[in-house]
Structures are given as structure tokens and as C-alpha cells.
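Novice: Could you have a look at this structure, given as C-alpha cells, before my questions?
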Amino acid sequence: FTVLGIESSCDDTGAAVVRSDGIILGEALASQAEIHEEWGGVVPGLAKTAHEENLDQVIELALSRANLTIDEVDAIGVTVGPGLEICLRVGCNRAKELAIQHKKPFVGIHHLEAHILMARLENPDLQFPFLSLLVSGGHCQILKCMGIGRYSVIGGTLDDSLGEAFDKTARLLGLPVGGGGGPAVEKLALEGNRTAVPLTVPLLQRKDCDFSYAGLKTNVRRAAEKLVMERGVELPSELPRGDKADIAASFQHIAIRHLEHRLKRAISNVEDEEIKTLALVGGVAANMELRSRLEELCENHGWSLAVPPPRLCTDQGAMSAWAAVERLKLGSSDEPDGQDVYARYPFSLSAENNQDS
Ligand code: ATP
Ligand code: FE
């Protein structure tokens, strides 16, 4: 069977048609990078308007690339939370209308579950239970994944997410931030020396699996300001390219070191639980340095790493379509009429919603 998936939780309008065997038949994505570049971040009101303007076209494009009409797809999945409420509503309302009008089964998707399940799209061997490291624009979590709809958070961030830390570092250095600053930081880091700027790994003394990136952010800013004094320039963004590259490389290195420390603990916590796989998901999972470092960490522990292809780590429509496929395979769907959207959407609430259906 085939599912049309719609995603509008943040600043990208995505749609895709995915077949139940995991093949993406057609997809389309309207990025709002330029709009938000101008403002230095996502402005919810502008994002909502852009979703309204782009959604129908994006859906039509995904369908036409899949060579299908809306009547020929078998179900519709849409992100219903967590995310920006006014943005979620644009996608959700349209999906509800389509499902009712064309009499299609409807599935309300949890955005973080959708990120996690992308690890299973091209990797059918990834069986539950497994651990996930979810690193995105709004989240930084280690989760124990027991089954569809069954997740427990074993570590979360006390302040910023890793994606935010990448974005703030990009902004500090005057790099492009539209659509996320991560890719620009990663690219510049390739030219830098990762030990050039002394930074400390966060939360070394804490014996849990939580994260903190606010201190590292301040650390990076101070280090940049010190270099600003030394070079006699006005702002970090005016530093010579070599300095900026060193800052980017050092930040990325310590940011990943923090993940490695927490993961080692998480791995030892589940030692006697038949878990031997880590799924690396969320937008930051597109980062090549992160992917290879965690590949190595898993190898050292006799674990395997599952990670979606980079372009499927960040938000897009195939996420919603594939997560809907996973739920439909279990016979689970939702009532479009009563479907609401949720800015905050704990897994416990989505599990409750799914049981009602
Ligand atoms: P959430 O999923 O938590 O609701 P989101 O949907 O806004 O947040 P994603 O699209 O999953 O976030 O991820 C976007 C984040 O990923 C941005 O912070 C962006 O900078 C970061 N990112 C994307 N590519 C890379 C990369 N190559 N290296 C580092 N960070 C990256
Ligand atoms: Fe996301």
C-alpha cells in the first residue's frame, strides 16, 4: 500500500508518497531557508504563511512525481506534534480535509517518533528494542525504543539542544543560518584544528544520561571574544577564516565528545537488556563527523549503528508517510475529525491518543 505524508511542524513544508516496503515513490520539499535567513531564525508567523502558500503545490508535486492521484494513495499521515502549533495546524487541517473528502484512513504522526522510525526505512533489520540518540533543532535525547508508540526517554537536555548549539555557533561566526546553521559549521570545521580552542566537555561530573549545551555555547562565545581582542577586530564574525574554522572544529569536537560520554553510560545501563543497536536520528544526524565518531563508538562496544541517509535526517515529508506506514501495518490509525495538534507532545499522550483509535 502507499501513504501520502505531510510535514509542517517547523519551517519546511514537506510531502511524500512512500510505499509500505519503504520505497519513496515521490517527494517534494519547500524550504523557507531564505525567509528565516533574513531574520536569523524561524519566525512562526512567517513560517505559517509560507506553509499555507506552499502546501498544496508541495502535495501535488509529491503525488505527480509518484505518478499517483490522491484517490490512488491508500492513506494519509501528517505530523500533529510536537512543533509550532500554528504551523502544525496548516498541515493537519489539509490532511484531515483530504482524508475525509477522499475517504482515506488517517494517521496523526508524532514528529520525534517519525525521526526515529526513519532509521528503519532503509534498514528493515533494525528490530526493537534499540536505543536512539535523537539530535535535532528542538531536542537532544537518548531513548529506549521498545516498539511503535513505545518509547522511554532515558536522557534529555537540561537547556539547549545540539541543533540549537550548532545554529548559535553559526550565528556567532556570521555563517549562513537559514535552514539551520549546522551544515555551515560542519563545512568550516573541516578546515580547522579541533584542539586549537580550549573548551570543556559539559556535565562530566554527572552520573546520568542528560545533556547540557548552554555552558558550551558561553564557552565558545568567550573563546571567540578572546580572539577578537587578539586580532583587533570588532566582532567574532570579522575574525580571519582560519580562526573561525578553529572555533567551528573545536566546538563540533567537544559537542560530539559530550554525546559520546553520555552514550557510553547509556550503553552500559542497558547491558543486560538484549539491546545492541543505536539509531542516530534527527537533523544533526546528517553531520558526517558525528556519524563516523558514533560508528566507531558502536564498533568498540560490539554494537551496530543505524542511521538514515543524511537528507532523510532533517525534516521532510517521507518521515510522516513512513511513520504512518509503520502504524498502519499494526492496524492503528486515527479519526481525522477529532484530530488536534500539540505544541508539546509527550510520548505518553500520543500513546493514549493511539489507543483511542
Ligand atoms: P525537532 O525535530 O526537535 O522538532 P526540527 O524539526 O526543527 O526540530 P530538524 O529538522 O530535525 O529539527 O533538525 C534541524 C537541526 O539540525 C538544525 O539545528 C540544523 O542546524 C541541524 N543540522 C542539520 N544538518 C546538520 C549538520 N550537517 N551538522 C550539524 N547540524 C545539522
Ligand atoms: Fe524535526
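We did not get these values from a lab; they are worked out from the coordinates using the rules stated. Keep in mind the model is a prediction, meaning the values are calculated, not measured. Backbone-built Cβ (ideal geometry, glycine too); neighbour counts: all protein chains shown.
Novice: Could you give each residue of the range 223-236 its phi-based ³J(HN,Hα) in whole Hz, using Karplus coefficients 6.51, -1.76, 1.60 with θ = phi - 60°, and x for Gly or Pro?
Specialist: 4, 5, 5, 5, 5, 4, 4, 4, 8, x, 9, 8, 9, x
Novice: Something else about it: Have a look at the DSSP beta bridges in the chain and tell me what percent are antiparallel, nearest 5.
Specialist: On the way: 25 of 42 bridges.
Here the share of antiparallel DSSP bridges comes out near 60 percent.
Novice: Hey, another quick one. Using each residue's phi in the range 13-30, evaluate 6.51 cos²θ - 1.76 cosθ + 1.60 at θ = phi - 60° and report the 3J(HN,Hα) Karplus result to the nearest Hz, with x for Gly and Pro.
Specialist: 3J(HN,Hα) across the range 13-30, in whole Hz: 9, x, 9, 7, 10, 10, 8, 5, 8, x, 7, 7, 7, x, 8, 8, 9, 9.
Novice: Select from GLY242, GLY138, GLY302 the residue whose mean-square fluctuation is largest in a Gaussian network model of the chain (Cα-Cα springs shorter than 10 Å).
Specialist: Result for the chain, Cα springs under 10 Å: GLY302 fluctuates most.
Novice: Taking the chain as a Gaussian network, Cα atoms linked when under 10 Å apart, which of SER136, SER31, SER292 shows the biggest mean-square fluctuation?
Specialist: It is SER292.
Novice: In deg cm²/dmol and to the nearest 500, what is the mean residue ellipticity at 222 nm of the chain if only DSSP H runs of at least 4 residues count, each as -39500 (n - 2.57), divided by the residue total?
Specialist: It comes out at -14500 deg cm²/dmol, rounded to the nearest 500.
Novice: Rounded to the nearest 0.05, what FRET efficiency do THR69 and VAL153 have when you use their Cβ-Cβ distance and R0 = 41 Å?
Specialist: So the FRET efficiency works out to roughly 0.55.
Novice: Write down the Kirkwood hydrodynamic radius of the range 279-357, to one decimal in angstroms, obtained as one divided by the mean of 1/r over all alpha carbon pairs.
Specialist: About 15.1 Å for the range 279-357.
Novice: Another one. Could you work out the Rg to Rh ratio of the range 1-77, with Rh taken as the Kirkwood radius (inverse of the mean 1/r over all Cα pairs)?
Specialist: Working: Rg = 13.5 Å, Rh = 12.9 Å.
Ratio of gyration radius to Kirkwood radius for the range 1-77: 1.05.
Novice: Also: How big, on average over all directions, is the shadow cast by the Cα convex hull of the range 126-175, in nm²? Mind showing how you got there, number by number?
Specialist: On the way: hull surface 17.0 nm².
For the range 126-175, averaging the hull's shadow over all directions gives 4.3 nm².
Novice: Starting from the amide H of ALA306, placed 1.01 Å from N in the peptide plane, find each other amide H under 5 Å away whose residue is 5 or more places distant or on another chain.
Specialist: Correct list: LEU278, ALA279, LEU280.
Novice: Taking a temperature of 25 °C and a viscosity of 0.890 mPa s, what whole-number D in µm²/s does Stokes-Einstein yield for the range 185-249 with Rh from Kirkwood over alpha carbon pairs?
Specialist: 192 µm²/s
Novice: Hey, another quick one. Checking the cross-link filter: which lysines have an alpha carbon closer than 20 Å to that of LYS144, excluding same-chain neighbours under 8 positions apart?
Specialist: LYS207, LYS264, LYS276
Novice: Considering the chain as a Gaussian network with a 10 Å cut-off on Cα pairs, which listed residue, GLY26, GLY178, GLY232, attains the greatest mean-square fluctuation?
Specialist: GLY232
Novice: Would you calculate the separation in nanometres between label points at ALA196 and LYS264, each defined as 7 Å from the Cα along the Cα-to-beta-carbon direction?
Specialist: Once both label points are built, they end up 2.7 nm from each other.
Novice: Helix 241-269: angle to the longest alpha-carbon principal axis of the chain, degrees 0 to 90, nearest 10?
Specialist: That helix lies at roughly 60 degrees to the long axis.
Novice: Under the Kirkwood approximation for Rh and a Cα-based Rg, what ratio Rg/Rh is obtained for the range 232-341?
Specialist: With Rg and the Kirkwood Rh in hand, the quotient comes to 1.13.
Novice: Give me D for the range 34-96 in µm² s⁻¹, whole number, from Stokes-Einstein with Rh from the Kirkwood sum over alpha-carbon pairs, 20 °C and 1.002 mPa s.
Specialist: Answer from the Stokes-Einstein relation: 164 µm²/s.
Novice: If each residue's Cβ is checked for other Cβ atoms within 10 Å, how do SER320, SER333, SER20, SER152 rank with the fewest at the top?
Specialist: SER152, SER20, SER333, SER320
Novice: Would you mind computing, in nm to one decimal, how far apart the modelled labels at PHE347 and LYS329 are, each placed 7 Å from Cα along Cα→Cβ?
Specialist: 1.8 nm
Novice: Note the full-extension length gain between LEU204 and PHE1 as 0.36 nm times their separation in residues minus their Cα-Cα distance, in nm to one decimal.
Specialist: Numbers: separation 203, 0.36 × 203 = 73.08 nm, distance 4.83 nm.
This chain segment gains 68.2 nm when fully extended.
Novice: Relative contact order of the chain: what whole-number percent is it, with Cα pairs under 8 angstrom and at least 6 residues apart?
Specialist: Working: 785 pairs, mean separation 88.5, N = 357.
Reported as a whole number, the value is 25 percent.
Novice: Follow-up question, since we're still on this one. Relative to the longest principal axis of the C-alpha atoms of the chain, give the angle of the C-alpha long axis of helix 162-172, reported between 0 and 90° and rounded to the nearest 10°.
Specialist: On a 0 to 90 degree scale, this one is about 50.
Novice: Among all the lysines, which ones have a C-alpha under 27 Å from LYS96's C-alpha, if same-chain residues fewer than 8 places away are not counted?
Specialist: Within reach: LYS48, LYS104, LYS329.
Novice: Continuing with the same structure: If you wrap the chain's Cα atoms in a convex hull and average its projection over all directions, what's the area in nm²?
Specialist: 17.2 nm²
Novice: Loop-only trypsin sites (Lys or Arg not before Pro) in the range 71-159, please: DSSP not H, G, I, E or B, and at most 10 other Cβ atoms within 10 Å.
Specialist: For trypsin sites (Lys or Arg not before Pro) across the range 71-159 that sit outside H, G, I, E and B with at most 10 neighbouring Cβ atoms in 10 Å, the list reads LYS103.
Novice: Can you figure out the FRET efficiency of GLU37 with GLU274, using R₀ = 56 Å and their beta-carbon distance, to the nearest 0.05?
Specialist: According to the calculation, E is roughly 0.75.
Novice: I would also like to ask the following. For HIS301, HIS111, which order do you get if you count the other beta carbons within 10 Å of each Cβ and list the fewest first?
Specialist: So the ranking, lowest neighbour count to highest, is HIS301, HIS111.
Novice: Something else about it: Using only Cα positions of the range 44-136, each an equal point scatterer, no hydration layer, compute I(q)/I(0) via Debye at q = 0.22, 0.26 Å⁻¹ and quote the log10 values to two decimals.
Specialist: With no solvent term, the Cα-only Debye profile gives -1.21, -1.31.
Novice: Which residue, chosen from GLY181, ALA50, ILE267, occupies the Cα position most advanced towards the positive end of the dipole of the chain, where the dipole is computed from +1 (Lys, Arg) and -1 (Asp, Glu) charges on Cβ about the Cα centre?
Specialist: Of the listed residues, the answer is ILE267.
Novice: Here is a further query. Output the 0 to 90 degree angle, nearest 10, between the alpha-carbon long axis of helix 347-356 and the longest principal axis computed from the alpha carbons of the chain.
Specialist: Roughly 0 degrees between the two axes.
Novice: What ³J(HN,Hα) values, in whole Hz, does the Karplus curve 6.51 cos²θ - 1.76 cosθ + 1.60 give for the range 41-47 when θ = phi - 60°, with x put for Gly and Pro?
Specialist: So the J values, rounded to whole Hz, are x, 7, 9, x, x, 5, 5.
Novice: For the range 19-178, evaluate the Debye formula with one uniform point scatterer on each Cα (no solvent term) and list log10 I(q)/I(0) at q = 0.14 Å⁻¹, rounded to two decimals.
Specialist: At q = 0.14 Å⁻¹ the computed log10 ratios are -0.92.
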